[in-house]
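This report concerns only the one structure given below.
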2 protein chains.
Amino acid sequence: MTTTQDSLLKFEIPEIIFGQGALSQVGQCARRLGGEHILLVTDPGIQKAVWVDAAIRYFDEEGLRYSVFDDVVTNPRTFQVEHGAQLYHQDNCDVIVALGGGSPMDVAKGVAILVTNHGRIQDYVGCNLITQPIPPLLCVPTTAGTGSDVSQFSVIADTQRKVKMTILSRAIMADISLIDPVLLTTKSEELIAATGMDALTHAIEAYVSSLSWPLTDPHAIHAIQLVFKHLEKAARSKDIDAFEGMAIASLEAGIAFSNAILGAVHALAHPLGGIYDLHHGLANAILLPVVVRENMEHAPEKFAKIANAMGAETRGVPTKEAAEQVPEKIEGLISALGLPRRLSQVGVQETDIPLLAKQAAEDLCMQTNPHCYIAEEIESMYIQAL
Amino acid sequence: MTTTQDSLLKFEIPEIIFGQGALSQVGQCARRLGGEHILLVTDPGIQKAVWVDAAIRYFDEEGLRYSVFDDVVTNPRTFQVEHGAQLYHQDNCDVIVALGGGSPMDVAKGVAILVTNHGRIQDYVGCNLITQPIPPLLCVPTTAGTGSDVSQFSVIADTQRKVKMTILSRAIMADISLIDPVLLTTKSEELIAATGMDALTHAIEAYVSSLSWPLTDPHAIHAIQLVFKHLEKAARSKDIDAFEGMAIASLEAGIAFSNAILGAVHALAHPLGGIYDLHHGLANAILLPVVVRENMEHAPEKFAKIANAMGAETRGVPTKEAAEQVPEKIEGLISALGLPRRLSQVGVQETDIPLLAKQAAEDLCMQTNPHCYIAEEIESMYIQAL
């Protein structure tokens, strides 16, 4: 590695508190961030799973007031961000707590942007366009995959234009990520599988990213090891140690991708969220083996190391052959999890592919992929995944 | 791994900016932290090496005022911390920049404590006794080893009582660590070697610590790999890529030990700094193989993994035998670096050993060692190292 003044490397993550029972710290942490009146951003599923009640109990114990905003769906929408910001102002909130998967956390970041930077959330799409510090933000993830609790990303869907918009800025990193593996136990097998595949995609894309470096690499590799060790067991048997392993996998993959950024899988997955409202983890899972097969020749040594992390035999195996085991291992895991393998199974139409490819080619995440694909090449990848 | 509410794991590091030429960002970073008048804490050696002039030029470019405090020595003293705090108040400073090795950085943290918490620095010795936030702190390390730029530690010598006092608190973590490998090029071969051995000690102690976890382990292991790859070359040939490797080793070892804490080597090294004013890295280097031989039986699997990271052949080797290669590898590296191997070579007297052992037994770092040694056992280790 040789850095220069023009290629300085950066690394930043929130304060992390991790462990079974960590949710009990949510009130104290919100208080420590200066909170008097919390905006709790969550979704109806979390409400039903009683985690909202639990969080509120811990707010009560600290004498904190709170307003609950749970109008959040998968692939969250611009208007939800606006409504959340209205509630924040109306109730004089001072700290935001996100309790949920990627959607509530991304909405919480969007709300945080609007309450101090004003304007429309669309104004902040792109890199580093946020000028004012956001209010204190505490994230409590309830899925293992998104990594939004430690990342500099927020992805919001513009339903009018049917596009998913990526906001990337150090300014939207949470102050604290409070990770409690027990919260994972109330999710469905399919959601555990899909979000776990999201974590795997983050780790692989961060590891082969053009911005990866020694501070992100060990986390990416370890996350890959953990997914192959724990994901199937977590999804099938809801074993708490497997959930703890997946919580760490999600965390480490999040640390890696927030600092090394992502790649072509995410570039191709985002339009599927915008146009079909497809679950992000599922979109990644279907696209991952296809994109890896294209990417392999652009970073064969790295894919050989990924193969090793996945448990493939790589000693004495030529680099190219070692790398070729990666998509096979991924396909094996997807089959074991019982997830769909083709885009056609989840409603994607061949006629939409030119539009999907156009959006994917312009996606921010394409810039750090080991190779920058043009629209024609992207169309071919969508067709392979169809 | 199984966590509980009573054993939550924590992880926190500063924002990191890394690369050759990173010093050029020091003015902008100080400005971003809200600085108008900087207290620059450094030492005469850094002054002579022109890095102070360079930093001042970058302050000037940003229109920042500054006061230079360079009354800092190895194993820095309580009165130096007090003088720095007086200068901070006298000149109405608002941001502290530490430019140097462990000593200027530890003094800067001490100054930061006093200017907002008042009293004497001795009042804050121990764990989490700092109640008021410190002023913004930016660290620019000029050695590769200390890790103080990313750690929650400050170690200050009380010259009256001849003890080194350990202050451990999340409150004294820097806001930004700005790491420029070019700054390492003006150090002597011996200092590069000794500080590099400090990094190795941090990595090993963090990896076997009772508080180590998956977020600290990969950094500890990678730091060990990097030290064995780069340290000898950095010391002998002052190769810039080797310095870059050592800068990352120091950073990753720092991230690991700040969050997993240390062990018996540091517990035994601190009294040698307090009583003999021995360089901390050198003290660690001499003690490391002796303590490792005692520690091995308490964490054989971990030491086997350390052996592997050091480049020893461990495949098919029984765990105990693999672990036994660790002290041999360390001794080989110390010999290659031309550092002294015995405490008697650096002036330690056998008659002082009971006093040294008494202090070591009470040292904070002993608490996270894989085994807690009593004074008699510690005396025996000092004698083995004599």
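The values are calculated or read from the model by the stated rules, or taken from the named source; none is laboratory data. Everything numeric here is computed off the predicted structure, so don't read it as measured data. Positions of Cβ are backbone-derived with ideal geometry, glycine not excepted, and every protein chain shown enters the neighbour counts.
Structure data summary
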read-out	value
Among (1) among the charged types (D, E, K, R); (2) farther than 15 Å from B:SER258 by Cβ; (3) touching a Leu at 6+ places or on another chain (Cβ under 7 Å), the one test that B:GLU190 misses	(3)
Boolean, A:THR195 is surrounded by fewer than 21 Cβ atoms within 10 Å (Cβ to Cβ), outside any loop (DSSP other than H, G, I, E, B) and out of contact with any strand residue (DSSP E or B) (no Cβ under 7 Å at 6 or more places or on another chain)	no
Top-ranked residue of the range B:53-77 - restricted to ones that are modelled with pLDDT of 95 or more, within 25 Å of the chain's Cα centre (by Cα) and buried (at least 20 other Cβ atoms within 10 Å of the Cβ), ranked as nearest to B:MET105 (Cα to Cα)	B:PHE69
Residue count for the range A:168-192, restricted to those that are assigned to a loop (DSSP other than H, G, I, E, B), crowded, with 21+ Cβ neighbours inside 10 Å and within 14 Å of another protein chain (Cβ to nearest Cβ)	3
Any hit, the range B:276-286, residues being surrounded by fewer than 23 Cβ atoms within 10 Å (Cβ to Cβ) and on the phi > 0 side of the Ramachandran plot	yes
Test: A:HIS222 is assigned to a helix (DSSP H, G or I), touching a Gly at 6+ places or on another chain (Cβ under 8 Å) and under 30 Å from A:GLY19 (Cβ atoms)	no
Filter result (free of Cβ contacts under 8 Å to residues at least 40 places away in the same chain and either more than 7 Å from chain A (Cβ to nearest Cβ) or in contact with a Ser or Thr (Cβ under 8 Å, 6 or more places away or on another chain) (or both)) within the range B:3-21	B:GLN5, B:ASP6
Criterion: at pLDDT below 95 and β-branched (Val, Ile, Thr) - qualifying residue of A:THR186, A:THR201, A:THR143	A:THR186
Residue in the range A:234-269 that is farthest from the other protein chains (Cβ to nearest Cβ), counting only those that are free of Cβ contacts under 8 Å to residues at least 60 places away in the same chain and not in a helix (DSSP H, G or I)	A:LYS238
The one condition in (1) out of contact with any Cys (no Cβ under 8 Å at 6 or more places or on another chain); (2) modelled with pLDDT of 95 or more; (3) in a helix (DSSP H, G or I) that A:GLY274 fails to fulfil	(2)
Members of the range A:96-151 found to be surrounded by fewer than 24 Cβ atoms within 10 Å (Cβ to Cβ), part of a strand (DSSP E or B) and on the phi > 0 side of the Ramachandran plot, listed by number	A:GLY126
Test: A:ALA157 is farther than 27 Å from A:GLY27 by Cβ, touching a Pro at 6+ places or on another chain (Cβ under 9 Å) and either within 14 Å of chain B (Cβ to nearest Cβ) or not in a loop (DSSP other than H, G, I, E, B) (or both)	yes
Any hit, the range B:249-259, residues being assigned by TED's automatic domain parsing to the domain that holds B:GLY338 and farther than 22 Å from B:CYS139 by Cα	no
Restricting the range B:25-51 to residues that are without any contact (Cβ under 8 Å) to a residue 60 or more places away in the chain and of a type in the set (S, T, N, Q), the residue that is farthest from the other protein chains (Cβ to nearest Cβ)	B:GLN47
Some residue of the range B:301-324 being in a helix (DSSP H, G or I), in contact (Cβ under 8 Å) with a residue 60 or more places away in the chain and farther than 20 Å from B:ALA223 by Cα	no
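Every residue, every condition in (1) on the phi > 0 side of the Ramachandran plot; (2) in contact with a Phe, Trp or Tyr (Cβ under 6 Å, 6 or more places away or on another chain); (3) of a type in the set (Phe, Trp, Tyr), yes or no:
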{"residue": "A:PHE11", "(1), (2), (3)": "no, no, yes"}
{"residue": "A:VAL41", "(1), (2), (3)": "no, yes, no"}
{"residue": "A:ILE46", "(1), (2), (3)": "no, no, no"}
{"residue": "A:ALA54", "(1), (2), (3)": "no, no, no"}
